[in-house]
Amino acid sequence: MSHHIVEVTHLQHIYPDGTIAIKDVSFCITHGESVAIIGANGAGKSTLLQHLNGCLEATSGQIRIGDTPLSKRTLPDIRRTVGMVFQNPDDQLFMPTVFDDVAFGPLNLGLEGMHVEKRVTEALTQVGAGHLATKPPYHLSGGEKKRVAIATVLAMTPDILVLDEPTSGLDSFARRQIMSLLKEFHHTKIFTSHDLDMVLDICQRTIILHEGAIMADGPTGEIFQNDDLLATCHLEKPFALQGCPGHSRDTDATKP
């Protein structure tokens, strides 16, 4: 079995205050799939993602990466395979310079010298941030921080890339850069997003969470054509699939 496979079985997460964030969620993602996990605010998306590399511990259920069940014992190996990019890049950037932040992961893998420098250079180049290497992270713009946060994960050469809202807060140029980067990552990628046009463009498969449970799991195009499903889950179609009902009326009004 490929170690790129992500298998979630009967996952449940209950927060200390009693909030049930994830309810009996099961799915399997195979090598090379691009999968979006979407839903309204509070649906459980971020909570679910944080289980995939052990940032949160499940109340019940199991997660397997390939043949390896996620546990405290296997966590170091899982995190070498599953790279997690958080929604807020400040959660990942804490070193004096961008270079130091991106080098942190490879150094913890036991790499040294030229090998670390090569990983850092390649990762920053991938995200178009090579010129930022010597800058302190707190001097960066929001879009620059997001790219560097992704570079810190790419430097670990993960087989599975997990991202929470990768384009949130970005301008259109930075958004296109991130989308291009995701398209070029040919291993498994799983991300949450409210940017449903990006989901339509990048992901062949979409999972909808609603109140902590899976409401749909299937081809992205089919899901976005299901108006009743989207309405139930408080979602709208991507702009690319929305008609412009006012356009024809405006055109008609200009005719003699």
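Return the inverse of the average 1/r over all pairs of distinct C-alpha atoms in the range 43-184, which is the Kirkwood hydrodynamic radius, in Å to one decimal.
Evaluated over the range 43-184, this radius sits at 15.6 Å.
For the chain, with the dipole built from +1 on Lys and Arg beta-carbon atoms and -1 on Asp and Glu ones, taken about the Cα centre, which of Val120, Ala40, Val148 lies farthest toward the positive end?
With unit charges placed on the Cβ atoms, the residue in question is Val120.
For the range 155-166, just list the computed ³J(HN,Hα) in residue order, Karplus coefficients 6.51, -1.76 and 1.60, θ = phi - 60°, integers in Hz, with x standing in for Gly and Pro.
5, 8, 6, x, 8, 10, 10, 10, 10, 9, 6, x
For the range 1-98, how big is the tail of P(r) above 15 Å, as a whole percent of Cα pairs?
Percent of Cα pairs beyond 15 Å in the range 1-98: 65.
So which lysines can Lys135 reach, going by Cα to Cα under 24 Å and dropping same-chain residues fewer than 8 places off?
Lys118, Lys145, Lys146
Points 7 angstrom from Cα along the Cβ direction at Tyr138 and His186: gap in nanometres?
So the label points at Tyr138 and His186 sit 4.2 nm apart.
Short version: what are the Cα gyration tensor semi-axes of the chain, square root of 5 times each eigenvalue, largest first, in whole Å?
They are 32, 26, 16 Å, listed largest first.
Grab the eigenvalues of the alpha-carbon gyration tensor for the range 111-256, scale each by 5, take roots, and send me the semi-axes largest first in whole angstrom.
Listed largest to smallest, the semi-axes of the range 111-256 are 37, 21, 12 Å.
Translational diffusion coefficient of the range 134-192 at 37 °C, 0.692 mPa s, Stokes-Einstein with Kirkwood Rh over Cα pairs, in µm²/s as a whole number.
272
Could you rank the peptides 39-45, 218-224, 98-104 by their average count of other C-beta atoms within 10 Å per residue, with the highest value first?
Sorting 39-45, 218-224, 98-104 by mean packing, highest first, produces 98-104, 39-45, 218-224.
Please arrange Met84, Met95 by how many other C-beta atoms lie within 10 Å of their C-beta, fewest to most. Could you put the intermediate results ahead of the total?
Values: Met84 21, Met95 15.
The fewest-first ordering by Cβ neighbours comes to Met95, Met84.
Tell me, Glu7, Glu211, Glu144 in order of fewest to most beta-carbon neighbours within 10 Å?
Glu211, Glu7, Glu144
What is the sum of charges around Asp195, taking Lys and Arg as +1, Asp and Glu as -1, for the other residues whose C-beta is under 15 Å from the C-beta of Asp195? Walk me through the numbers on the way to the answer.
Values: positive: Lys45, Lys146, Arg175, Arg176, Lys183, Lys189, Lys237; negative: Asp164, Glu165, Asp171, Asp197, Asp201, Glu236.
Net charge in that neighbourhood comes out at +1.
May I ask you to sort Lys237, Lys183, Lys146, Lys72 by Cβ crowding, counting other Cβ atoms within 10 Å and putting the fewest first?
Values: Lys237 16, Lys183 12, Lys146 30, Lys72 8.
If I rank by nearby Cβ atoms, fewest first, I get Lys72, Lys183, Lys237, Lys146.
Given contacts defined as C-alpha pairs under 8 Å and at least six residues apart, what's the relative contact order of the range 34-145, whole-number percent?
Relative contact order of the range 34-145: 19 percent.
So how much slack lies between Phe173 and His194, counting 0.36 nm per residue of separation and subtracting their Cα-Cα distance, in nm? Write out the running numbers ahead of the final one.
Values: separation 21, 0.36 × 21 = 7.56 nm, distance 1.74 nm.
In short, 5.8 nm is gained.
For a distance above 17 Å, tell me the whole-number percent of Cα pairs in the range 89-170 that qualify.
More than 17 Å apart: 38 percent of the Cα pairs in the range 89-170.
Coordinate-derived values only; no laboratory data. Just so we're clear, the structure is a prediction, and the values are computed from it rather than from any experiment. Because the Cβ atoms are built from the backbone with ideal geometry, glycine has one as well, and the counts that use them run over all protein chains shown.
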